[in-house]
Every structure is written in C-alpha cells, then in structure tokens.
1. Between a first residue in segment 43-66 that is assigned to a helix (DSSP H, G or I) and a second residue that is exposed (fewer than 11 other Cβ atoms within 10 Å of the Cβ), which pairs have beta carbons less than 9 Å apart while being 6 or more apart in sequence or on different chains?
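The values are calculated or read from the model by the stated rules, or taken from the named source; none is laboratory data. For clarity, every value in this text was computed on a predicted model and none was experimentally measured. We place every Cβ from the backbone using ideal geometry, glycine too, and count neighbours over all the protein chains shown.
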Amino acid sequence: MQKTITMRIDNAIYDIFKKAAEGQKRTISNYMEYAALNYTINESVIDDEEMQEILEFEKDLKKGLSDISAGRYKVIG
C-alpha cells in the first residue's frame, strides 16, 4: 500500500528537483522517491571490502582488550 508524504521545500530546491526529474523523464515525486532510496541504500550498505576492514578492526580491539585483561601492556607517561 502506498503512503503519501507532504513536505515543504524552498523554491530553489524545488527547481533543482524539477530539473533533475525532467532530466530523467520522471515525475518530481518519482524522482524524489528514487533519489531518497538510492541515497539510503548507498549510504547504509557497505561492500565486502569495507566489511572486511571493520571485522579486522574488531579483531584488533578484542585483542587489545584481551591484552589489557592479561596485563600485557605498559603505561608510558
């Protein structure tokens, strides 16, 4: 089931959306839906390489906490 969202935007922003929609032969509402979905997916989904970096960092943090718990550290002041 579709939902309706009402929002207020400045005329300048409206003109930008209108030109972008026309450039893609879309309605403004369809363009805004497409743009919002595209932004959300691209900003909240990471690729395999990024995930590997995160997992590597997690391993390093866990090792560091383990070293601290085992007393394997030196405070340098």
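1. Listed by first residue and then by second, the contacts come to G64/Y73; S66/R72.
Conditions tested, residue by residue: (1) at pLDDT below 85; (2) surrounded by fewer than 10 Cβ atoms within 10 Å (Cβ to Cβ); (3) among the hydrophobic types (A, V, I, L, M, F, W, C).
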| residue | (1), (2), (3) |
| --- | --- |
| T27 | no, no, no |
| N30 | no, no, no |
| E33 | no, no, no |
| N38 | no, no, no |
| D48 | no, yes, no |
| F57 | no, no, yes |
| K63 | no, no, no |
| D67 | no, no, no |
| A70 | no, yes, yes |
